[in-house]
Amino acid sequence: MLIRFNATTLLEKLRNKRLVFVGDSLNRGQWVSMVCLVESSIPSTLKSMHTIANGSLTIFKAKEYNATIEFYWAPLLVESNSDDPVNHKVPDRIVRVQAIEKHAKYWNDADILVFNTFLWWRRQAMNVLWGSFGDPNGVYKKVRMVRVYEMALSTWSDWLEVHINRNKTQLFFVSMSPTHQRAGEWGGTKGENCYNERDQIIKEGYSGNGSVPKMMQVVENVLQDLKTRGLKVEMLNITQLSEYRKEGHPSIYRKQWEPLTEEEMSNPKSYADCIHWCLPGVPDTWNELFYAHVFSR
């Protein structure tokens, strides 16, 4: 049984500390959930929100506690051409699998770090750059999944081993967040998705094709290797509990960054978001798990 989430208890734990979520929009959703869970217990004059680092780092501060709950945009953890927090949709994704310092300098003194990276790697292969962006001598090579994911996490883990203060910083990695884009996978109508879904999946152990176990095996291997090097990173396993929640996505009730076409408006399922999660909702449960981990130490 999980211990009950208590906002003021967490804020006291975070007094004079930084809690930083690092990753993609799913991790940002978990960060938003966490801010919502704690901010109602703080008077409006004693809290603030601001953004730095060209919009990549957003900081919620509880002034009375001198505590911050932050989100840093790094969807692939290592450097890429998708690092702009707004303009990151590119036709050809490129990663520098050996480069992380550009990001890491913003969270290297955090007290609690919560990482994720999965969704942006979910493709057959990725262009890898050895060298710098704009360097005419840079070497590009297409590397297949899951090898390129393994390479990036190796860079991440090496950085942690060298830079993390083992006596200060708690480390977490959030497992893959499932998607519900193909209703046929859970016995629904083929060609449909999460649009208009109202019930959970009840089949015990259900797993959709949006999840890639071999990628999470890479994460587990990297975390095990770090453990042998004297660094503990706890896996926050949110995958299975979220697999059942096909009704938990925003579907068509989300911010549209581009005006909808007539064709899309006539076929709502075509623009339904079956990747991210409603708030309040599933990420609140992730944070209850996280809270239990933090206080089990």
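The values are calculated or read from the model by the stated rules, or taken from the named source; none is laboratory data. A quick note: this is a predicted structure, and the numbers were derived from the prediction, not measured. A quick note on method: Cβ atoms are made from the backbone with ideal geometry, for glycine too, and the neighbour counts reach across all protein chains shown. Surface accessibility is based on the protein's heavy atoms, side chains included, excluding ligands, DNA and RNA. Shrake-Rupley method; radii C 1.70, N 1.55, O 1.52, S 1.80 Å.
Numerical summary
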read-out: Among the residues listed as Ser207, Ser175, Ser242, Ser211, the single one being more than 17 Å from the chain's Cα centre (by Cα) and among the small types (Gly, Ala, Ser); value: Ser207
read-out: Among residues of segment 268-297, those that are assigned to a loop (DSSP other than H, G, I, E, B) and either of a type in the set (Val, Ile, Thr) or open to solvent by less than 60 Å² (accessible area, probe 1.4 Å) (or both), counted; value: 7
read-out: Any pair with Cβ under 8 angstrom, 6 or more apart, that starts in segment 203-224 at a residue that is under 18 Å from Gln181 (Cβ atoms) and part of a loop (DSSP other than H, G, I, E, B) and ends at one that is of a type in the set (S, T, N, Q) and open to solvent by 70 Å² or more (accessible area, probe 1.4 Å); value: Ser207/Gln240; Gly210/Gln181
read-out: Qualifying residues in segment 221-260 (those that are open to solvent by 90 Å² or more (accessible area, probe 1.4 Å) and either within 11 Å of Ser175 (Cβ to Cβ) or not basic (Lys, Arg) (or both)) - the one modelled with the lowest pLDDT; value: Trp257
read-out: Single residue of Asn193, Asn137 found to be within 30 Å of Asn267 (Cα to Cα) and assigned to a loop (DSSP other than H, G, I, E, B); value: Asn193
read-out: Unmet requirement for Arg15, which otherwise passes all of (1) of a type outside the set (Val, Ile, Thr); (2) closer than 24 Å to Phe290 by Cβ; (3) crowded, with 16+ Cβ neighbours inside 10 Å; (4) in contact with a strand residue (DSSP E or B) (Cβ under 8 Å, 6 or more places away or on another chain); value: (3)
read-out: Which numbered condition Phe133 misses (of (1) open to solvent by 20 Å² or more (accessible area, probe 1.4 Å); (2) among the aromatic types (Phe, Trp, Tyr); (3) closer than 22 Å to Trp73 by Cα; (4) at pLDDT 95 or above); value: (4)
read-out: Helices (runs of 4 or more DSSP H) contained entirely in segment 1-116, each with at least 3 residues that are farther than 22 Å from Lys255 by Cβ; value: 7-13, 101-104
read-out: So Ala62, is it open to solvent by less than 10 Å² (accessible area, probe 1.4 Å) and either aliphatic (A, V, I, L, M) or modelled with pLDDT of 95 or more (or both); value: yes
